[in-house]
Every structure is written in C-alpha cells, then in structure tokens.
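Here's the structure we're looking at; comments come further down.
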Amino acid sequence: MHRFFSGAITSGLIILTALVLISLANEQAVAYAQIPTGSIPTVTGSPLTSYVIVRDSEQGFANVRSGPGTLGYDVIGVLVVGEQAAALGRTVVGDWILISYPGVPGGQAWIFKDLVEVQGEIPIIDIPPTQTPQTTATLDPTLAAQFQVEIIPTRMPTFTAPPALVLPDYAGINSSGRTLGVPVGFIVIGLAVLGLLGLLISFFRGR
C-alpha cells in the first residue's frame, strides 16, 4: 500500500514537471516570434553646443516671434520655464536670439535674450525683413468728413486815415514868451478912457 502511494506521488510530480516545461517552451517561442529579424537602427542625439534655457518668470513661459522684435513680428509660439532650444544665431546687438522651433514655417523662431539663459557661443546672422500686414488699414471717407473743419475767410477791416494834425502857430510869440504888438491891457484901458471922455462930453452938453 505504501509503495502504491509513493508511485502515485512520483508520477504526479513527473506529470506536473512536464506540464511546466511545456508551458515555458510555449512562452519562449512566442517571445522569439515577436522579435524582428531585421536590424534595428539606434538613434543617437548629438549634444547641443549652443542653446538657451527659458528662465523662471511670473507668467511661466516666454513668447517666441517670427522676427527679432515686438513691432512688426507676430507671436508664433511659447516656451515654458526650463525648456531648452538650440540657438542658431543672434542679432548684432545680441538682444534677440534665433532658435530652433519645430512646427512653424522654416522651423525657426526668435526669442528675447532677457527671457533665457544662453549657453555656448552664438554667431551673428542677418535680420529678416519686417512682415507686411495682412490687411491694409483704410480710412472711411464719411467718418473723415465729420472731422474736417471748413475755415470761413473773414473780411479784413478797412483802414481809415486819421484827420490831419493841426499844429498851433507860434509865429506871434517871441523867444521870451511874449506876444508881439500892442498888449491887450492897453487896448482895454484906451477904450475905458474913450468911454469916460464920451460921458463927460455928453454931460457938459446937457448942461
């Protein structure tokens, strides 16, 4: 009886071991089937020699533009704080840096130097021309007519000549300030004397 149980246990172990080995063999075959037979190329990135890193700021990002300036160049994207980008060139002054920015026409963009930390030497490049506006601003003639002020000419005042200035004649006054001829006092006294004489003559004739 003891031998029977020993043989059964041994047979069970042998069968279990065989099942485990068969399962492992099947899994290994599946793994080998998934491995491609061709050679897999390895991608090795070249280290950046010149690049920029976006500095920490309150807004948390830095705008990148289509050209080196805020006037005449549109914002075409952003870089977040800590993000790196390859530096391709800079302006003569060095205030704007050309970076590699995939996803936009040409794959390049400009960023202001105060927003990034520069690593490496960056060559000076030519500045691209300013963008032309997509729409041309036109002035509404009706609106402009409301602000036109018509100046009515005023008649100039007529000039009237002043009357001629009459200057007093000082020909009858000598240099000492006295008039030439008989004084008026003598004429008055003479008339008074003549009057008295007339009265006396009339008186005596009446007597």
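Observations on the structure shown:
- Karplus-based coupling profile of region 58-64, in residue order and whole Hz: 5, 7, x, 7, 10, 6, 10, with θ = phi - 60° in 6.51 cos²θ - 1.76 cosθ + 1.60 and x standing for Gly or Pro.
- Cα-centred dipole magnitude for region 51-119, charges only on beta-carbon of K, R (+1) and D, E (-1), debye, nearest 20: 200
- Overall form of region 51-119: rounded. Here a/c, set by the Cα gyration tensor axes a ≥ b ≥ c, is under 1.5.
We did not get these values from a lab; they are worked out from the coordinates using the rules stated. Computed from a predicted model, the values in this text were never measured in an experiment. Methodologically, a virtual Cβ is constructed for each residue, glycine included, from the backbone with ideal geometry; neighbour enumeration extends over all protein chains shown.
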